[in-house]
1. Taking the stretch 698-723 as the region of interest, how many residues are surrounded by 21 or more Cβ atoms within 10 Å (Cβ to Cβ) and either within 17 Å of ILE758 (Cβ to Cβ) or without any contact (Cβ under 8 Å) to a residue 24 or more places away in the chain (or both)?
2. What number of residues within the stretch 685-697 satisfy the criterion of being buried (at least 17 other Cβ atoms within 10 Å of the Cβ), in a loop (DSSP other than H, G, I, E, B) and without any contact (Cβ under 8 Å) to a residue 60 or more places away in the chain?
3. Of (1) surrounded by 21 or more Cβ atoms within 10 Å (Cβ to Cβ); (2) at pLDDT below 90; (3) farther than 19 Å from SER579 by Cβ, ILE625 satisfies all except one. Which?
4. Can you name the residue in the stretch 744-775 that is of a type in the set (Ser, Thr, Tyr) and touching a helix residue (DSSP H, G or I) at 6+ places or on another chain (Cβ under 7 Å) and, of all such residues, is most open to solvent (accessible area, probe 1.4 Å)?
5. Quick test for you: out of TYR218, TYR260, pick the one residue that is within 30 Å of PHE545 (Cα to Cα) and not β-branched (Val, Ile, Thr).
6. If I ask for residues that are surrounded by 21 or more Cβ atoms within 10 Å (Cβ to Cβ) and out of contact with any Lys or Arg (no Cβ under 8 Å at 6 or more places or on another chain), which ones from the stretch 530-541 would you list?
7. For GLY679, only one of the following conditions fails: (1) modelled with pLDDT of 95 or more; (2) touching a Ser or Thr at 6+ places or on another chain (Cβ under 8 Å). What is its number?
8. Going by the conditions given, is VAL170 touching a residue at least 60 places away in the same chain (Cβ under 8 Å) and outside any loop (DSSP other than H, G, I, E, B)?
Amino acid sequence: MADLLTGGATGVAFDLLMQAVLDVALTVASFRSELNHLKSTLVSIKPFVDDIEKLNKVLDGRQEGVETLNNRFKQGETLVRKCLKIKLWNLYKKYSYAKKLEEFEKSLLWFFQINVQAELARDGKTVAVGVKVLDEKIDQILYVQDSGRSVNSNGFSGWCGVPGVPDFVVGLDTQLQELKAMLLKDGVPLLVLSAPGGCGKTTLAKLLCNDDEIKGIYGNNIFFQTVSRSPNLQLMVQKVFQSKKNQRVPIFQSDEDAIYQLEQFFLRQIGPAPILLVLDDMWSGSESLIEQFLLPIHGYKILVTSRFVFPQFEWTYKLNMLNHQDAMTLFNHYAFKDGICNVQKHLAEEVVRGCSGHPLALTVVGRSLYRQHEVKWLSTVQNLSQGQSIYDTNMVLLSRLKTSLDALDEMAVLKNCFLDLGLFPEDQRIPAAALLDMWVELYKLDEDGMYTLIYLHELSNRNLVNLTLVRKNDQDAIDYCNDHFVMQHDLLRELAIHQSRQGPIEGRERLTVEINGNAFPEWLTDQKQQPINARVLSISTDNAFCSNWSNVLVPDVKVLILNFQIKIYTLPEFMERMSRLTVLIVTNYGFTRAYLKNFPLPCQFINLKRIRLENISIPSIATSILQLKNLQKISMIMCEIAKAFEVDTLPISDTWPNLNEINIEYCDDLVELPAWFCGLVHLKKLSLSYCQELVSLPAELGNLTNLEMLKLQSCTKLLELPESISELRELKFLNLSDCVEMDHLPEQLGDLCGLRTIHMMGCTALSELPPSVMDLVQLERVICDEETAYLWEFYKDYLDKLQIIVVKEDINLNWLHKIPI
């Protein structure tokens with residue numbers, strides 16, 4: 001231990017590590033929290049190292065352990081310096097490096113607690129006093145770590161954070177000041193913000209949370225939760241834990257346990273700092289749940305937004321409708337957004353009066369009248385002139401909104417697309433890829449997603465949905481749906497459901513079933529009823545559902561959507577009689593991955609073409625699945641799949657003859673893709689994006705000779721591409737963005753004679769390209785960052801069609817607020 005005790009090479013390594021931490025913490029804001037914590041640990045360890053140096057004289061210069069400690073400091077410096085290369089938008093890489101920083105910090109503590117103490121202890125009584133002092137210092141260090149945060153991190157910031165505000169807001173300045181003054185009053189632990197649906201409650205709550213004065217008081221301790229009609233208290237509490245970086249997310253035994261641990265979390269981890277919890281869109285009957293969140297903590301306040309008034313809570317702020325001037329401003333923004341007024345002014349006045357100052361109605365109706373003929377305006381005025389107050393009933397408001405839906409009557413497919421959005425749970429994001437699976441089969445849209453996006457953009461332009469693009473830099477229409485999510489105001493969702501429920505049940509096109517506990521609707525369990533002829537069936541259950549299914553006759557269903565929250569879920573037995581089923585979408589909205597009790601599927605589904613599973617633990621791939629001869633696409637999102645893939649071989653040669661697309665995304669237990677995958681020779685699209693534990697691809701990858709698209713985006717541990725990839729002569733699209741450990745490409749990459757597009761954003765380890773890339777004569781676009789663009793510039797003269805597109809990533813994280821983990 002000579003170097004350690006003389007302050008030689010180890011002391012230099014320690015100083016270099018400390019300097020790196022200081023430098024990077026000043027430069028990279030996104031890692032400042034982790035680096036400041038590491039700096040604190042290093043400061044705590046420094047006296048420890050100094051004490052060891054003081055014991056040098058009695059240890060007689062023994063050298064055991066010094067090289068390990070030396071290397072540990074050097075590895076730490078390298079890791080910290082790498083953080084300089086991580087871009088702010090790359091949430092997944094940032095999360096990966098944040099975990100690495102934590103592991104490094106933990107390893108330092110372990111080293112000093114175990115290795116050095118053991119080394120000193122072996123030197124006997126002479127240093128016993130020194131060891132005792134060091135024990136006390138390490139105990140202090142570990143106490144600081146444990147009391148400050150949990151070393152085991154399961155979450156990442158943003159899951160319960162404050163969402164942004166809309167681009168255009170009018171008429172809420174005065175209300176914001178009034179609401180803020182009421183909230184900040186002493187003796188107001190809970191404030192209810194009440195107004196009819198669509199009046200701007202959520203917008204006002206967002207404005208409040210983004211207000212400078214509020215942020216100055218509460219800082220990062222604002223927790224914003226959107227609550228569904230059937231709230232899950234334990235899931236709500238877990239999201240609060242998850243929102244704090246580096247905080248272990250517990251699994252609770254009961255609701256009482258969840259509230260107890262939340263209180264302890266607030267007291268020990270955040271207190272005495274002020275805390276603001278926002279519970280957005282609480283429903284009537286939720287009083288007891290709200291009361292459970294009332295905790296005896298100084299500086300802790302709750303803001304509840306609701307369509308309802310809760311008399312038992314003392315403080316309520318009622319949000320009024322817009323006055324006429326503000327209503328006209330909002331309406332004109334959408335109806336005449338290019339400044340062109342093509343109708344008489346009095347018509348606009350009448351429409352605004354018909355909307356009664358209701359912001360959502362003004363927005364949706366205004367957008368539906370944009371550039372419309374005067375006849376359409378007259379029809380809208382007539383429909384709105386019923387003389388009823390917007391406050392009378394919810395149905396009156398729905399009738400106002402329906403005028404915008406009537407504008408879709410001449411576009412039957414677009415109207416059906418809007419109605420389909422009501423099939424998904426309230427306040428959850430809807431993946432555009434799931435809509436694509438439905439609409440390809442129901443309305444014969446194209447499989448590349450172009451028309452799906454066209455319809456979604458058209459609905460967004462009419463303010464009937466909010467379309468969220470996760471990656472705004474993507475330049476390709478191919479597989480574009482995977483980067484889009486749809487959100488819908490709950491009133492517009494109600495409108496879609498209301499319109500879908502017109503007519504007798506047995507004749508409806510689509511059915512939406514929401515089951516609380518085990519309270520099945522009577523029409524679903526009535527065995528005397530005629531078979532239901534719906535083509536689309538959606539069944540949503542809550543966390544109290546016990547999976548006792550009724551015997552339902554729905555033989556004509558083509559699309560089945562199952563939404564649930566429980567840990568063990570049984571697929572409905574009546575599925576076996578759905579001989580026409582073509583699309584199955586199964587989504588677990590619970591916090592942990594769910595186990596499907598009776599999965600795999602029975603082989604009766606001879607017409608099944610598309611399967612989408614999300615947040616599911618898949619135990620095996622059985623023969624019954626392999627017999628689905630018409631299966632065309634499988635998507636497994638955030639699933640556990642390693643056990644299912646453990647088998648060495650599967651009878652693949654004559655299996656799934658029509659399977660052309662597999663999406664395996666966000667699956668964090670996939671380490672190696674099994675070789676039998678490469679027997680799926682009909683595959684055209686393969687996506688393994690965001691599988692961050694994936695280390696290698698099978699050498700037989702080149703057997704997928706029909707493959708046209710390969711996505712490996714954010715496979716952060718993938719080391720290389722197999723050399724056989726050069727056999728993929730049909731490959732047109734390759735995405736390697738954020739494969740940060742991949743430091744070289746196959747020498748024969750130039751053999752990919754059909755390659756048109758490569759995405760290479762964030763390939764930080766790549767320092768050169770193989771010379772064979774000059775043979776990629778069909779290559780049209782390389783989409784990359786500035787560092788990678790430099791590598792391609794040399795070959796640009798050899799590639800006549802090549803366009804190097806340098807883009808800056810623009811990642812929208814608002815969609816994370818709705819994603820269960």
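1. From the stretch 698-723, those surrounded by 21 or more Cβ atoms within 10 Å (Cβ to Cβ) are 701, 704, 707, 709-716, 718, 721; that's our starting set.
Still in the running and either within 17 Å of ILE758 (Cβ to Cβ) or without any contact (Cβ under 8 Å) to a residue 24 or more places away in the chain (or both): 701, 707, 709-715, 718, 721.
Number satisfying all stated conditions: 11.
2. Within the stretch 685-697, the first condition is being buried (at least 17 other Cβ atoms within 10 Å of the Cβ), and the residues that meet it are 685-692, 694, 697.
The next check asks that each one be in a loop (DSSP other than H, G, I, E, B); those that pass are 688-692, 694, 697.
Remaining after also requiring without any contact (Cβ under 8 Å) to a residue 60 or more places away in the chain: 688, 691, 694, 697.
Total meeting the criteria: 4.
3. Exception for ILE625: condition (3).
4. Here is the first cut: in the stretch 744-775, the ones of a type in the set (Ser, Thr, Tyr) are 757, 764, 767, 772.
Subset that is touching a helix residue (DSSP H, G or I) at 6+ places or on another chain (Cβ under 7 Å): 764, 772.
Working: THR764: 58, SER772: 18 Å².
So, considering only residues that are of a type in the set (Ser, Thr, Tyr) and touching a helix residue (DSSP H, G or I) at 6+ places or on another chain (Cβ under 7 Å), the one most open to solvent (accessible area, probe 1.4 Å) is THR764.
5. Numbers: TYR218 fails: within 30 Å of PHE545 (Cα to Cα).
Only one candidate passes the filter, namely TYR260.
6. ILE539, SER540, THR541
7. Checking GLY679 against (1) modelled with pLDDT of 95 or more; (2) touching a Ser or Thr at 6+ places or on another chain (Cβ under 8 Å), the one that fails is (1).
8. Values: touching a residue at least 60 places away in the same chain (Cβ under 8 Å): yes; outside any loop (DSSP other than H, G, I, E, B): no.
Against the criterion (touching a residue at least 60 places away in the same chain (Cβ under 8 Å) and outside any loop (DSSP other than H, G, I, E, B)), VAL170 does not qualify.
The values are calculated or read from the model by the stated rules, or taken from the named source; none is laboratory data. Since the structure is predicted, the reported quantities are computational estimates derived from the model, not experimental observations. Quick reminder, even Gly has a Cβ in these numbers, built from the backbone with ideal geometry, and neighbours come from all protein chains shown. Ligands, DNA and RNA are stripped out before the accessible areas are found, and what is left, the full protein with its side chains, is counted by its heavy atoms. Shrake-Rupley method; radii C 1.70, N 1.55, O 1.52, S 1.80 Å.
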